[in-house]
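Working notes, beginning with the structure itself.
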Amino acid sequence: MSEQYFSTNPQSISDPKTWNFVLKGIPFTFTSDHGVFSRNEVDFGSRLLIETFTEPEIDGGLLDLGCGYGPIGLALAKAFPNREVTLSDVNERALALAKYNANQNNIDNVEFKISDRLQSFQNQCFSAIVTNPPIRAGKNVIFQMFEESYEALTSRGELWVVIQKKQGAPSTKEKLETMFDAVEVVKKDKGYFIIKSIKK
């Protein structure tokens, strides 16, 4: 593979693909492209995270960290219209697609920000951060994302992570338990774990 989906500016030739998908009982139209994670459909891990996620009990915005073309953040924005949802990615093509997908699904309680991990969010806090982390970026990068997420959560804020067992779910849970007060595997399906961590 000549480039990764977490490249800042993918050089692969653009060839957009559009399809329809239902998430949380809501119909969506998504467009994705080369150089972006999961070009052909909403991947199973993201779908599981979307369907499992529950709205935080505390006030505050949500952050989709590493949003790709936007299925997680846009589905949550549509499901919870009273929440402001920020979609962030290091990949400029992915973020442009996320904006496009917000427009074609008439979602306006969203904002978008280019960011390497949470470097662009030094002074912002969220009630929940959701992420389908870029496994190929390596464990060090992913663990940095978790550490920075902890700092960017309000008191009683939640970090939701989807990760496959074979790609490091057990070590991810161990890492999160060193940082968060409460860590729970709230769902397991087809080798995927949904891990919810609460900052108290």
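Laboratory data are not the source of any read-out in this text; all were calculated from the coordinates shown. Given the structure is predicted, the values throughout are model-derived calculations rather than measurements. Cβ sites come from the backbone with ideal geometry, for glycine too, and all protein chains shown count toward neighbours.
What is the packing order of peptides 28-35, 172-179, 63-70, 158-165, taking the mean over residues of other C-beta atoms within 10 Å and listing the highest first?
63-70, 158-165, 28-35, 172-179
Once every DSSP H run of n ≥ 4 in the chain is given -39500 (n - 2.57) and the sum is divided by its residues, what mean residue ellipticity at 222 nm do you get, rounded to the nearest 500 deg cm²/dmol?
Dividing the helical sum by the residues of the chain leaves -8000 deg cm²/dmol.
Say R0 is 30 Å: what FRET efficiency, to the nearest 0.05, do Glu84 and Ser171 get from their beta-carbon distance?
On the way: r = 33 Å, r/R0 = 1.08.
Computed FRET efficiency for Glu84 and Ser171: 0.40.
Below 24 Å, Cα to Cα, which lysines can Lys188 reach? Residues fewer than 8 away in the same chain don't count.
List returned: Lys24, Lys139, Lys165, Lys166, Lys173, Lys175, Lys196, Lys199.
How many times 2.2 N^0.38 Å is the alpha carbon radius of gyration of region 18-126? It would help to have the intermediate numbers written out before the result.
Values: Rg = 12.9 Å, N = 109, 2.2 N^0.38 = 13.1 Å.
That works out to 0.98 for region 18-126.
Quick one: putting +1 on the C-beta of Lys and Arg, -1 on the C-beta of Asp and Glu, what dipole do you get for the chain around its Cα centre, in Debye to the nearest 20?
Here the size comes out at about 540 debye.
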